[in-house]
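Since every read-out is calculated from the coordinates, none of them should be taken as a lab result. All values reported here derive from a predicted model rather than from experimental measurement. Quick reminder, even Gly has a Cβ in these numbers, built from the backbone with ideal geometry, and neighbours come from all protein chains shown.
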């Protein structure tokens, strides 16, 4: 992969949605534009290995969010809501 493609991939914001056990609501964290999606996914996988651990994420404004791993139902990593297209505009 060329440096230009790597820079383009890293320049898009990453959105992490976490489902909480026994809750109908999701926790949504929009990470900064300088975050590499693959590194975030690796950090999440590492945190999920320890059922008594805590998953820490830092949002684009620098706020730290902690979620006890035992309470995580699922994690979705993707594009922020503003970049998602639904309906006729979707690819």
Cβ-Cβ under 8 Å, sequence separation 6+ or interchain: first residue in the stretch 45-64 and surrounded by fewer than 11 Cβ atoms within 10 Å (Cβ to Cβ), partner not in a loop (DSSP other than H, G, I, E, B). Which pairs? 51/69; 51/70; 52/69; 52/70; 64/56; 64/57; 64/58
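When only residues in the stretch 10-44 that are under 11 Å from residue 69 (Cβ atoms) and touching a residue at least 40 places away in the same chain (Cβ under 8 Å) count, which is surrounded by the fewest Cβ atoms within 10 Å (Cβ to Cβ)?
Initially, the stretch 10-44 is screened for residues under 11 Å from residue 69 (Cβ atoms), giving 18, 21, 44.
Within this subset, residues satisfying the condition of being touching a residue at least 40 places away in the same chain (Cβ under 8 Å) are 18, 21.
Details: 18: 20, 21: 10.
That would be 21.
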